[in-house]
Structure formats: C-alpha cells, structure tokens
1. Where the accessible area of the chain is counted over protein heavy atoms with a 1.4 Å probe, how much of it, in %, is carbon and sulfur?
2. Taking 0.36 nm per residue of separation and subtracting the Cα-Cα distance, what length does fully extending M78 through T28 add?
3. Label the chain by shape, choosing from rounded, prolate and oblate, from the square roots a ≥ b ≥ c of the eigenvalues of the Cα gyration tensor; if a/c is under 1.5 it is rounded, and otherwise prolate applies when a/b is larger than b/c, oblate when it is not.
4. How far is it, in nm, from the label point at T69 to the one at S17 when both lie 7 Å from their Cα along the line to the Cβ?
5. S52 to D110: extension gain in nm, 0.36 nm per residue of separation minus the Cα-Cα distance?
6. Please give the contour-minus-distance gain from S88 to V5: 0.36 nm per residue of separation, less the Cα-Cα distance, rounded to one decimal in nm.
Amino acid sequence: QVQLVESGGGLVQAGGSLRLSCAASGRTFSRYNMGWFRQAPGKEREFVAAISMTGGRTSYADSVKGRFTISRDNAENMVVLRMNSLKSEDTAVYYCAADPRVYPVRASTDYWGQGTQVTVSS
C-alpha cells in the first residue's frame with residue numbers, strides 16, 4: 001500500500017508559479033498511476049492531471065492544459081505538478097492520488113494524500 005504526502009502549496013499572485021510535490025512511501029511506487037486533483041470551497045473534487053506508471057502517458061484537465069505539467073521520478077518515489085500562469089480560479093486544496101490499476105486516476109481511488117492549499121490572489 002502506498003502512502004502519499006503533498007507539499008509545496010502556498011500563496012501566490014495571479015500569473016505566478018508554484019511547484020507541488022507528492023512523496024510516496026513504499027517500494028512499489030512505480031506500480032501506481034499517479035494523479036492530482038483539487039477541491040475548491042463549495043465545489044466537488046475535480047481531476048487536474050495524471051501520469052502513468054512509467055511516465056509515458058500524461059493527461060490534463062482542459063482548464064490547466066498548457067499551464068500545468070505533471071512529472072514523476074520513480075527512483076525518488078516522487079510526483080511533481082508544476083503550475084504556471086496561475087489564475088484565481090486555481091485556488092483550491094490540491095490532492096495527490098494513486099491507483100494501481102486505472103489510468104487516468106479517478107476520484108474513486110482509495111489512495112489519497114492529505115492535501116496542500118494553493119491560494120492565488122488576483
């Protein structure tokens with residue numbers, strides 16, 4: 001079983017950038033598809049980006065395409081979300097997620113981190 005810990009959230013001005021990291025425990029990290037989701041106040045959790053086990057496939061929500069980049073380092077048990085050109089509507093708690101079978105990772109997965117807050121001021 002994988003355990004996930006996010007870091008890197010914070011307050012940034014619109015147009016700025018942030019780098020979110022998700023550190024995974026366990027020796028089977030490379031057997032998990034990974035993803036990022038976000039949840040804004042009063043809204044449902046939504047898909048942001050996903051990356052396959054080997055990193056060969058990536059998927060993005062239309063709202064972040066061209067601005068966000070997901071990557072992973074299986075040797076370091078790490079997945080990173082680079083966020084550029086941030087907008088106020090990107091403000092949310094960002095969650096790292098994993099799934100050993102399904103790609104892209106879905107919100108129904110059992111494996112979640114605790115979340116990290118991203119606030120974009122306009």
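1. Whole-percent figure for carbon plus sulfur exposure: 44.
2. Taking 0.36 nm per residue and subtracting the Cα distance, the gain is 16.8 nm.
3. prolate
4. 0.8 nm
5. 19.2 nm
6. Stretched fully, the S88-V5 segment lengthens by 27.4 nm.
The values are calculated or read from the model by the stated rules, or taken from the named source; none is laboratory data. Just so it is clear, the model here is predicted, and its values are computed rather than measured. Because the Cβ atoms are built from the backbone with ideal geometry, glycine has one as well, and the counts that use them run over all protein chains shown. Surface areas here come from the heavy atoms of the whole protein model, side chains and all, with no ligands, DNA or RNA. Shrake-Rupley method; radii C 1.70, N 1.55, O 1.52, S 1.80 Å.
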